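Please read the structure below before turning to the comments.
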Amino acid sequence: MIESLLIANRGEIARRIMRTARRLGIRTIAVHSDVDGRMPFVREADEAVCIGPAAARDSYNMQDRVIEAAIRTGARAIHPGYGFLSENAEFADAVIASGLIWVGAPAAAIRTMGLKDAAKQRMMAAGVPVAPGYLGEDQADQRLKREADAIGYPVLIKAVAGGGGKGMRRVERADEFAAALASCRREAAAAFGDDRVLLEKYVRSPRHIEVQVFGDKHGNVVHLFERDCSLQRRHQKVIEEAPAPGMDTRTREVVCEAAVKAARAVDYVGAGTIEFIADASRGLRPDRIWFMEMNTRLQVEHPVTEAITGQDLVEWQIRVASGEPLPLRQEQLSIDGWAMEARLYAENPSTGFLPSTGTLAHLRFPEGIRVDSGVEEGDEVSPHYDPMIAKLISHGATRWDAARRLARAAAGVEIWPVRTNAAFLKRTLVHPDFLEGEVDTGFIERHASDLIPPTEPGSRVLQAAARAVLPEPAGDIWRAATGFRMNAPAYREVGVEVGDRPYRVEIEDGGQPVTTAPGVLFIDGEAWSYGLPRAGHAGAGAGDSDGAIIAPMPGRVIAVTVAEGDRVKRGQALAVIEAMKMEQTLSAPFDGVVSELKAKEGAQIVEGSLLMRLEGDT
């Protein structure tokens, strides 16, 4: 068994690996950037080494510094977690060449499966079903356009070296292809240093089904059943569950056997995930599920597999890397109940899910479920890394039970002043179509109006805020200056400010209790500031019609598509900014002229900075 382990990652996955390592009696070493020095994963490690500045390219992705830290601290092995260097074959080779144990996939498998075109070709040769598309080496724009036209729209453009939804675009019409290809290439080059793409036929009612596989150094390969990761936004997973709803025994056998066959085809060792795309227009069927890609690492959503199998997948990784055989044979594995995981992000659904950064001045996670988090109260959500705050994981006897537990947990999240998607998650988990299992990758887009919380406070929020500012209990009508109506409840009218806007609220006795922190209400996953109205405060601003194009988040300008003096049409793209590994396109709010241009490609910007100004047509 490995006796000391360096974790080449940060945040919740670093803490997750440490938890298992401590249970196994393994000494842990953390590496961190200079802005992460006070984070929980650093404090919880037995030893920690700073390896560079905030930018991941200068710290967590610096292979030589990670290996040097391992050697200097006497680590016996390196666990890469997921992201960063976890699927870097060169790093895997370098770790082994340094005399260290690599707790990850073989470099050869990473190379083969890391390039989507090569992976699909290997799978076709192994007899694994693959979705129709274009995998050719000719990357000329004209050739790609011809192939897309031949496949038929909609098509999916995917980065050859992609993953995590980056470098992926859906194209609905032929006249949209050129712009989507350019954006996809740009994002792929920035994320992976490789702008090559492949094309796939886009499935109209797609389900994202993936199978957890595990191999050891003795030739054994097993699966730990499937997960459904269909609930996505911009190709990023939001809610995952295991097993997959609507999966019958025969279809499960076929897809899981295909996953094992795929792993064997590349002599796989360690934890891996075989991802499939399913045409669910007529339910899950064995002949309508195709190989999509393989992730040669532990997945973010691995806790749902742990919940239904009762296994610790990180322990499996460590034991396999130590040379031990797989802990269980296939016939010893079975499914127990249902599990769901929701990704709690620092983002604001009401502003298009833009990232939210800052200090977590107030943070309370719900009890009664598993919470994997990389932060604690008082920590900073940095613009340098992924905005995930925590993973909320429920387990129940049935799918309905798991969904109910997770919805209650999302509703109980308390975070301020950083904005989160907790209310969005709760709304999703109680949506009738979700509860019926009618889920595909278009679910969120299709039900956006039901899922995204309103920007204006509802009656319950206003009632709670009004009660909170009262100098004495609202129910004491004999001491309070209330209105009195025969055969009707007593009431009073209260002035209150909620979310920087003033309201006059008529409140009655009673009302549901809510959780509060000083100046903040927490209701169903939403957080609202409140207080007494400020003198002369007229409420929220007039809107976006003044022509100022403001940076909605901190980040980097990666494209400016207009020049000063240009005429623009409403909805026309003006600039593209990148933050937390995602692109955001800023568009013209009306027809007009670019009267002032401050944005420059490559420039770092802060939230709220003026990028350009438009003058409207008169």
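Listed values, structure above:
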item: For the stretch 548-616, size of Cβ-based charge dipole, Lys and Arg +1, Asp and Glu -1, in debye; result: 60 debye
item: Measure of compaction for the stretch 132-201 (Cα Rg per 2.2 N^0.38 Å); result: 0.96
item: Translational D in µm²/s for the stretch 10-113 (Stokes-Einstein at 20 °C, 1.002 mPa s, Kirkwood Rh from C-alpha pairs); result: 155 µm²/s
item: Helical contribution to [θ] at 222 nm, DSSP H n ≥ 4, -39,500 (n - 2.57), averaged over the chain, rounded to 500; result: -7500 deg cm²/dmol
item: Selection of GluC sites (Glu not before Pro), the stretch 330-414, meeting DSSP coil and at most 11 other Cβ within 10 Å; result: Glu367
item: Label-point separation in nm, Gln139 to Thr351, each point 7 Å along Cα→Cβ; result: 3.6 nm
item: Most to least packed among 594-602, 439-447 [average Cβ atoms within 10 Å]; result: 439-447, 594-602
item: Value of relative contact order over the stretch 1-114, rounded to a whole percent, pairs C-alpha under 8 Å and six or more apart; result: 26 percent
item: Under 11 Å, Cβ to Cβ, from Ala262 - net charge with Lys/Arg +1 and Asp/Glu -1; result: +1
item: The stretch 387-447 versus the stretch 303-331: alpha-carbon centroid distance in Å; result: 27 Å
item: Prolate/oblate/rounded call for the stretch 310-413, Cα gyration tensor, a/c under 1.5 rounded; result: oblate
item: Sparse-neighbour loop sites [chymotrypsin sites (Phe, Trp or Tyr not before Pro); the stretch 192-244; at most 13 other C-beta within 10 Å; DSSP]; result: none
item: Answer label, with percent of Cα pairs over 33 Å apart calculated from the coordinates and candidates (i) 45; (ii) 57; (iii) 50; result: (iii)
item: Helix 63-73 vs. the chain, principal-axis angle (Cα, 0 to 90°, nearest 10); result: 80 degrees
item: Burial order of peptide ranges 496-505, 171-180 (average beta-carbon count within 10 Å, highest first); result: 496-505, 171-180
item: Cα shape, the stretch 548-616, gyration tensor, a/c 1.5 rule; result: prolate
item: Residue-count net charge about Ile209 - beta-carbon cut-off 10 Å; Lys, Arg +1, Asp, Glu -1; result: -1
item: Entries in Lys120/Lys158; Lys201/Lys261; Lys166/Lys391 that, when Cα-Cα distance is taken, lie over 18 Å; result: Lys201/Lys261; Lys166/Lys391
item: Radius 13 Å from Cβ of Pro40, net charge of other residues (Lys, Arg +1; Asp, Glu -1); result: -2
item: Segments 7-15, 105-113 sorted - mean Cβ within 10 Å per residue, highest first; result: 7-15, 105-113
item: The stretch 299-344 - Kirkwood radius from inverse mean 1/r over Cα pairs (Å); result: 11.8 Å
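Read the figures in this text as sums done on the coordinates, not as results from a lab. All of these numbers come straight from a predicted model, not from anything done at the bench. Here Cβ is always computed from backbone atoms with ideal geometry, including for glycine, and neighbour counts include all displayed protein chains.
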